[in-house]
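Participant: Following this message is one structure expressed as structure tokens.
Only the coordinates and a few stated rules stand behind these numbers; no lab work does. As the structure is a computational prediction, the values presented were derived from the model and not from experiment. We place every Cβ from the backbone using ideal geometry, glycine too, and count neighbours over all the protein chains shown.
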Amino acid sequence: MNVPWLTLVIVIPVGMAILLQLVPRSQTALIKALMVGATATVAVIVFALLYNMAGSPAGGGPLSLHYQERHDWIPAIGASYHLGLDGLSGWLLALNAGVFLLGALAVSRRATDRLRFYATLLLLTEAATGGVLLSADLLLFYLFWEGMLIPLYFLLSNFGDENRGRNTLKFVIYTVAGSLLMLASIIWLYFNAHLGTGETSSFDLAFLINHPSASQAALVIPGVKISTFTPQQLVFIGFALAFAIKIPIVPFHTWLPGLYESSPPFVLVFFAGIVSKLGAYGFIRYGLTLFPQPIGYFKWVLAALAVLSIIYGALMALSERDIKRIVAYASISHLGFIALGIFSLTQNGVNGAIIQIINHGIIIAALFLIVGMIEARTGTRELHELSGLEKRMPWLYFLFLVATLAGLGMPGMNSFVGEFTIMLGAFQLNWIYAVLAGGGVILACWYMLRLHQGLMHDPIKPVLERVRDIRLGEALLLSPLVALMVFLGVYPRPVGDLANPSVAQYVSIATGANPNPSSSAPSAGTPQAPQ
Amino acid sequence: MSVDTASALVILILLFPLAGAALNAVLGPRLGRGFVNLAGTLSIGAAFVVACVILGNVIAAPAGHSAVSVRLWQWLNLGSGNLSIGMDFTLDPLSALMVMVITGVGFLIHVYSVGYMEHDPGVARFFAYMNFFIFSMLTLVLAADLIILIVGWALVALSSYLLIGFWYERASAVLAARKAFITQVIGDVALVIAAFLIFLNAHTLSLPNIFARTAAFPSGGILVNGICALLAIGAFAKSAQFPLHTWLPDAMEGPTPVSALIHAATMVTAGVYLIARFHPLFNLAPIAGGMVACVGMGTALMAGIIALSQIDIKRVIAYSTMSQIGLMIYAVGIGAYSAGMFHFATHAVFKALLFMAAGNVIHSLHDEQDIRLMGGMAARMRWTHWAFLSGSLALAGIPLWAGWFSKENLLGFGTVAGPGPAPWLLYMVGVGVNVLTGLYAFRLWATVFHGEPQTARVYAAKEARNVLLVPVVILGVLSLIVAWPLQWPVPNAVRVFSDFLSPVFAGTPAGLASEPALWIAIVALVIGTLASLLGVGAAQRMWLHREPDPAAVAARLPRALPLLSYNKFYFDELYDAAFVRPVRAAARTARRVVEPDVFDGWIAGLTDLLRGFSVDLRAYQTGFIRDYAAAFTVGAVVLVVVTAVFLSR
């Protein structure tokens, strides 16, 4: 039987969201069970798909999709319901399933009196982000990309502190501004695809990659030269703005700190965990493939902005006093690394970016949960009002220690793998980027230790003497994340193995190189045993 | 030794300390002190047994087959031409030497810790960290892939951080831990960038493969010199060498066994190991090697001067450690790799001893560390005193004590090898360091153990208990005899040690660190020994007999000298002004100005513009029919006129 597994990944959350409306609001236990059940089912499906993918042959074409589902949608304009999964989207989908499951588990039934509303929105968001990752058709992608904002808007504007309304509005305006430019760019791509005789244009990604628009001279209106960019470059800017805002890259980041500050941890685990990664995903999946020339043209600027994000985020994290904002700016700095890896346009860098996307999802979720647990117990987020918590919270101290080390890129932890490969890619682009990113690593050590030691060390403040350590349930929530940080640090191979073939493909398209480079470089095999 | 044996040995020696750490961390707090002491020490004892087996296997290996590499698993593989890294480890004479010292000295220090930490409530955490340190250090010295080496390198820094800040309720300890860790990360970044350069040229990060492809690095070129300089920066951070040395004295905030194990015997010597391990590259990089030699000797001199005036017993020993490691770094910088490693081995013994003996003194004085408040301890702590004396003699390099063999051996190479046209210059500085070493070592000994007791606490002091004494006495005896069968500082005498390591350093070209001729070696030996004796003798006169009084001597020196020494050449203040404050200021500016006014500003400006526009527009929504009718009329007329004009053209 041919089960549409990819569709199920989208349909199960939507179906459960509808089903939940039949459950009375007061049945919170049942609501939570259904929410966890649906997200867990999706997670099982996704991991089964990934497990199978390792052995399965990839389809041909520019995308090498391992699984595809395709149905006509609006045949008149060549838009289709086309879902596909490759090594890149596979890992992101896994992260997606993981963080939503975590979000479902993290919300306690006492945390909100509107659990059904929360569950519904969480499931709808998961469906939308899953759709973004699975789409292999630009119109479909855009539909999910924009659709994602609707449940997110209600989530962010209904759960959180008193500033949430203003912060959510800022986020939505930012994002919509970016997305509209992207829509215009998509339509431009559709109309300018270089068609052979008898072909009609299509929104299909593979089709558009294979039919790039003929390169055109810089856009000039008679008499007034408005720009020295080619139309392709302008169109790329349309996409890039949408993605750069979502990541976010400095200077498009100001929606993030406030919004993270006002949102509760159980929203942040998936909002910070996956939504911000979709921008990075967009750059890899669409930026590298549809715009090889423009991205090569702009990579110096983009990489410089990425480095700016790293350093600037780090400096902000170093001077902030609110522990949640510290984590938020640390997140901007880490996302800068991911962006830097992508814009290096090297196989090492892009692989590192994907590894780091996974890692960052894990680390940032753990950090926001930890910060939330501390805030819930002490009633404050001011760094200077907190100290010496290790004495009262030895278990949280240990879990937080591992998360801190992962956050500062400690070798042996997962983030080192990503940052090392990213910086190697950046070094291949130009050594100065790697050296500046290295400065970011040193600053990361500084601000993470300032946060960790500031909370955990020094004599404990008298008002904190009665703080209690985390409960078993909270420890169980954090432990898998912490275990993954260590596991992916000593055995990162699965991520690279699965993602690398796709990455090789994307990078070769972006750089116009042969997808399978001849082994001119000597292979780095096993060490030579003299015996 | 077969690959299977080798993998079994590698897994075992890594597993024992790791298991000890895990047991102590998870079960320790519940099962109590007895369990913690057992798990903590036995795990290292077991690792020591494995280390002995490794040593036996390496010695027994047939000539030319003394190195075995094993791969435990593939770590990452990004396709050919890109990163491919294995969890690789290697057993060879160099790593065998390192694991012997780490587990051997480490075991004694763990036993000592049982007594030292007896009353500390955090003993389970302490042993978990200590065991984890041994695991990290073993990972570092066994690694056969640069990435794995960097992992061990950083984990060592982590354990050091955790142990410096062990008493986390002391603000000074917390700051010292942070400072140490950040300094280490600076070194890590340098190592990582060196790894990039190596990878992009040799297309591998596996150490045996790198060393097999030295053709990728043109000899004496800017590339290999740059790589070696970066590696050296990593080594300087770890080994507390100028300019990354300021963390080590502050690291004395940790419990004394930590200072003995990590900040004297093992971790801080990792930089020496790194350079010795990368000798195939350093052999090609004379400029970087010369820089390393100069930095090493310069640090040795500087730390020796500082040690003369410090008043905290542990800080004096810390600066002496910095100085002695400077000598090792100097040795590996001039290509005398096995001489550097030999000084590492003997130094581990006598410096661990000095720290633990100092720990006994501190313990019996109820945590007093100011040497001005001690004096006359010899009568109250006989065994500790004799052991400390043995360690000081070894440190000062008095003939027949271990330090004499290794230090004179090392300086002997300095007579013929060294950077630049005048290698003798650095050698002469080394002789000066010998004098300084005798001075500060015996200043400490005389001030702490002799003279009048300075406080009432001293009168009440008692000899340490056996658990604290036995490891100290064992090391005290070893400080005398350990070098006898191994290596003599005269060519063609006993040279078991350098023969053992010679397969590792076989490729070193003859021009680097060839042994001096017999007569030069003997003259150098006499000069060096006389210098050491001079230092010790002068210290005796000044601090034991007060003729001349040291204060009077200091008064006769240029005023700047004692000031610089006491204030550690003002490096802390300098770095604070040059790095810490500017970064803090930049961060503050980012938060107060850049974020609200620039990055949020341009968005706010845009929205204000739009809002202003809409406010202006709103003014026309008057609600009066007549206004709308007027606007409608005007609009219609304009439209008609424009259309008419347009059509008529």
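Participant: Shape call for the stretch B:362-457 from the C-alpha gyration tensor, a ≥ b ≥ c root eigenvalues: rounded (a/c under 1.5), prolate (a/b greater than b/c) or oblate?
Facilitator: prolate
Participant: By average Cβ neighbour count within 10 Å, what is the ranking of A:107-113, B:21-27 from highest down?
Facilitator: For the peptides A:107-113, B:21-27, the packing ranking is B:21-27, A:107-113.
Participant: Still on this structure: What list of whole percents do you get for P(r) of chain A, with Cα-Cα distances grouped in 20 Å bins up to the one holding the largest distance?
Facilitator: Bins of 20 Å from zero give 22, 57, 19, 1 percent of pairs.
Participant: While we're here: What's the longest uninterrupted piece of chain A once you rule out the GluC sites (Glu not before Pro) that are loop residues per DSSP with at most 13 other Cβ within 10 Å? Show your work: numbers first, answer last.
Facilitator: Working: sites that count: A:GLU162, A:GLU199, A:GLU465.
No qualifying site falls inside A:200-464, the longest such stretch.
Participant: Let me ask something else about it. If I model chain B as equal point scatterers sitting on the Cα atoms and use the Debye formula, what is log10 I(q)/I(0) at q = 0.06, 0.07 Å⁻¹?
Facilitator: -0.37, -0.47
Participant: Quick one: grab the alpha carbon gyration tensor of the stretch A:105-184, order the square roots of its eigenvalues as a ≥ b ≥ c, and give me rounded if a/c is under 1.5, else prolate or oblate depending on whether a/b is larger than b/c.
Facilitator: It is oblate, given that a/c is not under 1.5 and a/b is not larger than b/c.
Participant: Sticking with this one: Over all residues in B:66-78, what is the mean tally of Cβ atoms on other chains that come within 10 Å of each residue's Cβ? Kindly include the intermediate steps, with their values, before the conclusion.
Facilitator: Values: counts 2, 5, 3, 6, 3, 3, 1, 3, 5, 7, 13, 6, 16.
If you average over the peptide's residues, the count of other-chain Cβ atoms is 6.
Participant: Mind jotting down the three principal axis lengths of the stretch B:516-606 based on Cα atoms? Whole angstrom, largest first.
Facilitator: Here the Cα extents, ordered largest to smallest, are 82, 42, 20 Å.
Participant: Given a cut-off of 27 Å, name the pairs among B:LYS238/B:LYS407; A:LYS246/A:LYS324; A:LYS170/A:LYS324; B:LYS179/B:LYS314; A:LYS246/B:LYS179; A:LYS324/A:LYS461 whose C-alpha atoms lie farther apart than that in the structure shown.
Facilitator: Numbers: B:LYS238/B:LYS407 21 Å; A:LYS246/A:LYS324 19 Å; A:LYS170/A:LYS324 19 Å; B:LYS179/B:LYS314 18 Å; A:LYS246/B:LYS179 36 Å; A:LYS324/A:LYS461 20 Å.
With Cα atoms farther than 27 Å apart: A:LYS246/B:LYS179.
Participant: Could you tell me what % of all Cα pairs in the stretch B:34-167 have separations over 23 Å?
Facilitator: 42
Participant: Shifting gears a bit: Any idea what log10 I(q)/I(0) is at q = 0.12 Å⁻¹ for the stretch A:381-470, Debye with uniform C-alpha scatterers and no solvent?
Facilitator: Cα-only, vacuum Debye calculation for the stretch A:381-470: -0.47.
Participant: Percent of alpha carbon pairs in the stretch A:241-334 separated by more than 22 Å? Each step should come with its number before you reach the end.
Facilitator: Working: 1257 of 4371 pairs.
Percentage above 22 Å: 29.
Participant: Hey, got the Cα dimensions of the stretch B:81-127 along the principal axes, in Å, largest first?
Facilitator: 56, 26, 8
Participant: May I have the convex hull volume per residue, in Å³, for the Cα set of the stretch B:101-223?
Facilitator: 115
Participant: Evaluate the Debye formula for the stretch A:412-454 with equal point scatterers sitting on the alpha carbons, no solvent, and hand back log10 of I(q)/I(0) at q = 0.18, 0.33 Å⁻¹, in q order, two decimals.
Facilitator: Reported log10 I(q)/I(0), two decimals: -0.56, -1.05.
Participant: Loop-only check: which trypsin sites (Lys or Arg not before Pro) in the stretch A:414-468 are DSSP coil with at most 11 other Cβ within 10 angstrom?
Facilitator: A:ARG466, A:ARG468
Participant: Hey, could you pull the Cα Rg and Dmax for the stretch A:1-154, both in Å?
Facilitator: For the stretch A:1-154, the Cα-based Rg and Dmax read 16.2, 51 Å.
Participant: DSSP loop chymotrypsin sites (Phe, Trp or Tyr not before Pro) in the stretch B:595-647 with at most 13 other Cβ atoms within 10 Å of their Cβ, which ones?
Facilitator: Here the chymotrypsin sites (Phe, Trp or Tyr not before Pro) that fit, given the DSSP loop and packing criteria, are B:TYR620, B:PHE624.
Participant: Report, to the nearest 10°, how far helix A:138-147 tilts away from the longest principal axis of the Cα atoms in chain A, using its own Cα long axis and a range of 0 to 90°.
Facilitator: Helix A:138-147 sits at roughly 30 degrees to that axis.
Participant: In whole Å, what are the extents of the stretch A:339-428 along the principal axes defined by its C-alpha atoms, from largest to smallest?
Facilitator: Dimensions of the stretch A:339-428 along the principal axes of its Cα atoms: 46, 21, 20 Å.
Participant: Using C-alpha positions alone, give me the convex hull volume of the protein assembly as shown per residue in cubic angstrom.
Facilitator: It comes to 217 Å³ per residue, whole-number rounded.
Participant: Under unit Cβ charges (Lys, Arg +1; Asp, Glu -1), what dipole magnitude, rounded to 20 debye, does the stretch B:363-408 have relative to its Cα centre?
Facilitator: In debye, rounded to 20, the stretch B:363-408 gives about 160.
Participant: Follow-up. With the dipole of the stretch B:579-649 worked out from charges on the C-beta (+1 for Lys and Arg, -1 for Asp and Glu) around the Cα centre, which of B:VAL583, B:ILE603, B:ALA644 lies farthest toward the positive end?
Facilitator: It is B:VAL583, whose Cα lies furthest towards the positive end.
Participant: Would you mind working out the magnitude of the charge dipole of chain B relative to its Cα centre, with +1 at each Lys and Arg C-beta and -1 at each Asp and Glu C-beta, to the nearest 20 Debye?
Facilitator: Rounded to the nearest 20 debye, it is 600 debye.
Participant: Could the peptides A:97-106, B:233-242 be put in order, highest first, of the mean number of other beta-carbon atoms found within 10 Å of their residues?
Facilitator: Working: A:97-106: 25.2, B:233-242: 26.9.
Packing proxy ranking, top to bottom: B:233-242, A:97-106.
Participant: What 222 nm value per residue comes from the helices of chain A, counting each DSSP H run with n ≥ 4 as -39,500 (n - 2.57) and dividing by all residues, nearest 500 deg cm²/dmol?
Facilitator: Here the helix-only value at 222 nm equals -22000 deg cm²/dmol.
Participant: Just checking the output field for A:432-441: average partner chain Cβ neighbours within 10 Å of each residue's Cβ?
Facilitator: The per-residue average across the peptide is 3.
Participant: Oh, and also: Give the residue list of trypsin sites (Lys or Arg not before Pro) in the stretch A:1-89 that are DSSP loop and have at most 16 other beta-carbon atoms within 10 angstrom.
Facilitator: The qualifying sites are A:ARG25.
Participant: May I pose another question? Lys/Arg Cβ at +1, Asp/Glu Cβ at -1, dipole of chain A taken about the Cα centre: which of A:ASN414, A:TYR260, A:SER56 is farthest positive-ward?
Facilitator: A:TYR260
Participant: If I model a spin label as a point 7 Å beyond the Cα along the Cα-Cβ vector, how far apart are those points for B:VAL615 and B:LEU12 in nm?
Facilitator: For the pair B:VAL615/B:LEU12, the computed spacing is 8.2 nm.
Participant: From the Cα trace of the stretch A:362-401, what convex hull volume per residue do you get, rounded to a whole Å³?
Facilitator: So the per-residue hull volume is 69 Å³.
Participant: Please pull out the direction-averaged projected area of the stretch B:265-344, using the convex hull of its alpha-carbon atoms, in nm² to one decimal place.
Facilitator: So the Cα hull casts an average projection of 4.8 nm².
Participant: While we're looking at this one, here's another question. When the gyration tensor of the stretch A:453-517 is built from Cα positions, what are the square roots of 5 times its three eigenvalues, in whole Å, from largest to smallest?
Facilitator: 46, 15, 9
Participant: Relative to the first principal axis of the alpha-carbon coordinates of chain B, what is the inclination of helix B:286-307, with its axis defined by its Cα atoms, in degrees from 0 to 90 and to the nearest 10?
Facilitator: 70
Participant: Kirkwood hydrodynamic radius for the stretch B:1-101: how many Å is it when counted over pairs of different Cα atoms? Could you put the intermediate results ahead of the total?
Facilitator: Working: mean 1/r = 0.0654 Å⁻¹.
It works out to 15.3 Å.
Participant: If we sort A:264-272, A:300-308, B:174-182 on the protection proxy, mean other Cβ atoms within 10 Å, highest first, what's the order?
Facilitator: Put in order of decreasing packing, that is A:264-272, B:174-182, A:300-308.
Participant: Other chains near A:290-300: what is the mean number of their Cβ atoms within 10 Å of each residue's Cβ?
Facilitator: 0
Participant: Between 0 and 90 degrees, rounded to the nearest ten: what's the tilt of helix B:382-396 against the longest Cα principal axis of chain B?
Facilitator: For helix B:382-396, the angle is close to 70 degrees.
Participant: Rounded to the nearest 500, what is the 222 nm mean residue ellipticity of chain B from helices alone, with -39500 (n - 2.57) per DSSP H run of 4+ residues and division by all residues?
Facilitator: -22000 deg cm²/dmol
Participant: Charges at C-beta only: +1 for Lys and Arg, -1 for Asp and Glu. How large is the resulting dipole of the protein assembly as shown about its Cα centre, in Debye rounded to 20?
Facilitator: About 1480 debye.
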